[in-house]
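In what follows, a single structure is set out as C-alpha cells and then discussed.
The values are calculated or read from the model by the stated rules, or taken from the named source; none is laboratory data. Predicted model, so just to flag it, every value in this text is computed and none were measured. Virtual Cβ from ideal backbone geometry, glycine too; neighbours counted across all protein chains shown.
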Amino acid sequence: MAADSAGKAGPKSPNGFDQQISDDIRALQRSSRWLALLGILAVVLLVLLVVFSVYDKTLINASPSFIDIAFVSADDTKLYEGPGEMFTVLDTYAKGDPVFLMEKRAEWARVQRDGRMG
C-alpha cells in the first residue's frame, strides 16, 4: 500500500472526484484567460477605431458623393473655406484644373480637390 501512495501527488479520493475537479478548474482557467485576451483585443480595436475616426472622418463616413467633375475657368482661382471672400483661402488653382463639384448654388459652388473642400 505504501508503494501505491508514494507515486501519487496528493491524497487519494475515493471516486477520483478531486482529480476531476482539479482538471476542470485548470480547463476553466485556460478558457478564462483566452476570453480575457479576446476582451482586451476587442477593447483595443474599439479604441483604435475611435482614435482614427477622430483624426480621419473618412473611416466612418464615406466621402460625400459629387455631382459632377468641373474644370477651373480662370487662372489663380482661389478656393475659399466658405461661400465668400471673407473666408480663408485654402488653395489657388490654375485654369483647367479639375475639381469635384459637390454642391451648386447661384454664384457659388462647393468643390473638392486633393482632400480640400471649399
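Can you find a residue that is of a type in the set (A, V, I, L, M, F, W, C), closer than 30 Å to G96 by Cα and either modelled with pLDDT under 85 or not assigned by TED's automatic domain parsing to the domain that holds D97 (or both) anywhere in the stretch 1-15? Talk me through it step by step, then tell me what you get.
Keep residues of the stretch 1-15 that are of a type in the set (A, V, I, L, M, F, W, C), which gives 1-3, 6, 9.
Of the ones still in play, those that are also closer than 30 Å to G96 by Cα are none.
Among the residues of the stretch 1-15, not one is of a type in the set (A, V, I, L, M, F, W, C), closer than 30 Å to G96 by Cα and either modelled with pLDDT under 85 or not assigned by TED's automatic domain parsing to the domain that holds D97 (or both), which makes the answer no.
Please specify each residue of the stretch 68-109 satisfying the condition of being assigned to a loop (DSSP other than H, G, I, E, B) and surrounded by 14 or more Cβ atoms within 10 Å (Cβ to Cβ). First the steps, then the outcome.
Of all residues in the stretch 68-109, those assigned to a loop (DSSP other than H, G, I, E, B) come to 72-76, 81-88, 94-97, 105-108.
Listed by number, the residues that qualify are V72, P83, D97.
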